[in-house]
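The structure appears right after this line, and notes come after that.
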Amino acid sequence: MKIKKYIADDFQAAFKQAKKEMGRDAIILSSRQVKKGGFLGFFTRTRVELTVAVDDDMRVERDKLRMVPLESNPLASASEPEQAPNSNSNPVGEQEVQLLQEMYKMNDIMADIKGKMYEVELIKGISQPVQEFYKTLINNHVDQEIALRMANSVEGQLPDGKGDYNWVKDVCLHTLQGFLDEIKPIECTDGDGARVVVMVGPTGVGKTTTIAKLAANLTFIDSRQVAFITLDTYRVSAAQQLKTFADIIGVPIKVVFSPADLGEAIESYRDKDIIFVDTAGRSPYNHEHMEELHEFLDIAGADETILVLSGNTASSDLLNIYHEFNRIGVDKLIFTKLDETNCYGQILNIISEIKKPVAYFTTGQNVPDDIEVPDSFKFARMVMGKGEAL
Ligand SMILES: Nc1nc2c(ncn2[C@@H]2O[C@H](COP(=O)(O)OP(=O)(O)OP(=O)(O)O)[C@@H](O)[C@H]2O)c(=O)[nH]1
Ligand SMILES: [Mg+2]
């Protein structure tokens, strides 16, 4: 077992350095704040020291297991295609394979236990109210790395006499607020010509409904001239859905089948204030469909391409979806279906990672009411919401 200490300005920097050098099998044994530098007790800096370990034996066994040829691995599926023998392979007997598999599983269980222990260890040095704050974030699906970074930051701001719960709560809310710092709803300015807004996103997230909500508000409250174009010709009911909204709100609509038609349709609505382009829901992993969407978007020359994401999707999926759609260029995000979840950490995780402005949150199926411009303080309270310990 190799053990090493890392000292950096904050937890995140030390953690990154450790992961880079020791690899993904590294386990954090402890963390503590240390005072460095200074002269005669003055000008000392508080830094974070992490003690990290990696078990080389376990890593070797794991690699060995990966090298076992398929035919000698009793746990390999019979239907899996046969792989070319690896010239580096080190064939082992059936019993040994089983033993290694067991060790592999044990290693994962140990890593899990150590992970939990190290979490306890990590937050041990911080004050009780901040620990509660940390747990609240974790309960609300905030990434552990972000939660620890925030807990350390809040701890660092505590006054000498340590803050009470209310003090910590205020600082926590303020810190959380900072995550939603770019809020950019659609802006219609007079005399700029028609603003082309394209909504893209996976299937069923609420693109069409959101367009209807925005169009109704822009028409009836802001007295704007709105037009619809739909590219969703894959299902008859899809175009019909937007047509129904168009009829109710009283705005014109064109159904477009080819990129060339899209150019013409946009030209025909140049006298409007805003043109909403609805697209068919796409699996971001279907490259053919994404290519087709790309061709349409090249023609659209959109002022804003907004990615619509369901707020109750897991963080890792949100991030993958974003990266796939961002190949065609994403300017802003809308999170829908916030009414269908009690945890909002996944939204915080993605906006912290990708740093794109958020235009709207939607909170139900009612057109036009269930949509709002995000409020960073309200969002902070939502993230602390479920299981709020403070
Ligand atoms: N609970 C809830 N439901 C919503 C919200 N927004 C949309 N929906 C519902 O989600 C379903 C799908 O909405 P659509 O607007 O058709 O979604 P879409 O993204 O256009 O779907 P495709 O065009 O098929 O990709 C409908 O039943 C909507 O009423 C929301 O904020 N909350
Ligand atoms: Mg739709």
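Structural remarks
Here is a yes/no grid of residues against (1) closer than 22 Å to residue 289 by Cβ; (2) under 8 Å from the mean Cα position of the chain (by Cα):
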site	(1), (2)
315	no, yes
323	yes, no
341	no, no
357	no, no
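- Screening 281, 250 for residues that are more than 16 Å from ligand 2 (Cβ to nearest atom) and of a type in the set (Gly, Ala, Ser) leaves exactly one candidate, 250.
- Test: residue 273 is crowded, with 21+ Cβ neighbours inside 10 Å, under 12 Å from residue 196 (Cβ atoms) and charged (D, E, K, R): yes
- Checking residue 382 against (1) surrounded by 19 or more Cβ atoms within 10 Å (Cβ to Cβ); (2) modelled with pLDDT of 95 or more, the condition it does not meet: (2)
- Residue in segment 155-167 that is under 18 Å from the mean Cα position of the chain (by Cα), among the aliphatic types (A, V, I, L, M) and away from ligand 2 (no atom under 16 Å from the Cβ) present: no
- Any chance residue 183 is in contact (Cβ under 8 Å) with a residue 12 or more places away in the chain, within 16 Å of ligand 1 (Cβ to nearest atom) and of a type in the set (A, V, I, L, M): no
- Residue 251 being more than 15 Å from ligand 1 (Cβ to nearest atom), of a type in the set (Val, Ile, Thr) and either over 30 Å from the mean Cα position of the chain (by Cα) or not in a helix (DSSP H, G or I) (or both): yes
Yes/no matrix, rows are residues, columns are (1) under 13 Å from residue 198 (Cβ atoms); (2) surrounded by 18 or more Cβ atoms within 10 Å (Cβ to Cβ); (3) of a type in the set (D, E, K, R):
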position: 247; (1), (2), (3): no, no, yes
position: 252; (1), (2), (3): no, no, no
position: 256; (1), (2), (3): yes, yes, no
position: 261; (1), (2), (3): no, no, yes
position: 265; (1), (2), (3): yes, yes, no
position: 268; (1), (2), (3): no, no, no
position: 280; (1), (2), (3): yes, yes, no
position: 296; (1), (2), (3): yes, yes, no
position: 305; (1), (2), (3): yes, yes, no
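- Matching residues in segment 186-212 - criterion: being in a loop (DSSP other than H, G, I, E, B) and within 16 Å of ligand 1 (Cβ to nearest atom): 201, 202, 203, 204, 205, 206
- Hey, residue 199 within 16 Å of ligand 2 (Cβ to nearest atom), assigned by TED's automatic domain parsing to the domain that holds residue 328 and closer than 23 Å to residue 318 by Cβ or not: yes
Residues are listed down the side, and each one gets a yes or a no for (1) in the same structural domain as residue 150 (by TED's automatic domain parsing); (2) touching a residue at least 60 places away in the same chain (Cβ under 8 Å); (3) touching a Gly at 6+ places or on another chain (Cβ under 8 Å):
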{"position": "272", "(1), (2), (3)": "no, yes, no"}
{"position": "284", "(1), (2), (3)": "no, yes, no"}
{"position": "287", "(1), (2), (3)": "no, no, no"}
{"position": "317", "(1), (2), (3)": "no, no, no"}
{"position": "325", "(1), (2), (3)": "no, yes, yes"}
{"position": "328", "(1), (2), (3)": "no, yes, no"}
{"position": "341", "(1), (2), (3)": "no, no, yes"}
{"position": "345", "(1), (2), (3)": "no, yes, no"}
{"position": "349", "(1), (2), (3)": "no, yes, no"}
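- The set of residues in segment 218-243 being within 12 Å of ligand 2 (Cβ to nearest atom) and either assigned to a strand (DSSP E or B) or of a type in the set (S, T, N, Q) (or both) consists of 228, 230, 233, 237, 240, 241.
- All conditions but one from (1) in a loop (DSSP other than H, G, I, E, B); (2) out of contact with any Ser or Thr (no Cβ under 6 Å at 6 or more places or on another chain); (3) buried (at least 17 other Cβ atoms within 10 Å of the Cβ) apply to residue 159; the one that does not is (3).
- Just one of (1) surrounded by fewer than 22 Cβ atoms within 10 Å (Cβ to Cβ); (2) of a type in the set (A, V, I, L, M); (3) modelled with pLDDT of 95 or more fails for residue 212. It is (1).
- Selection from segment 172-209 of residues that are buried (at least 22 other Cβ atoms within 10 Å of the Cβ) and modelled with pLDDT under 90: 172
- Check on residue 209, within 30 Å of residue 351 (Cα to Cα), touching a helix residue (DSSP H, G or I) at 6+ places or on another chain (Cβ under 9 Å) and in the same structural domain as residue 264 (by TED's automatic domain parsing): yes
- If you go through segment 213-230 and keep only what is within 13 Å of ligand 1 (Cβ to nearest atom) and over 27 Å from the mean Cα position of the chain (by Cα), you end up with 215, 228, 230.
- Options 246, 215, 265: the member that is assigned to a helix (DSSP H, G or I) and touching a residue at least 40 places away in the same chain (Cβ under 8 Å): 215
The values are calculated or read from the model by the stated rules, or taken from the named source; none is laboratory data. The structure presented is a predicted model; accordingly, all values stated were derived computationally and were not measured. Using ideal geometry, Cβ is built from the backbone for each residue, glycine included, and neighbour counts are taken over all protein chains shown.
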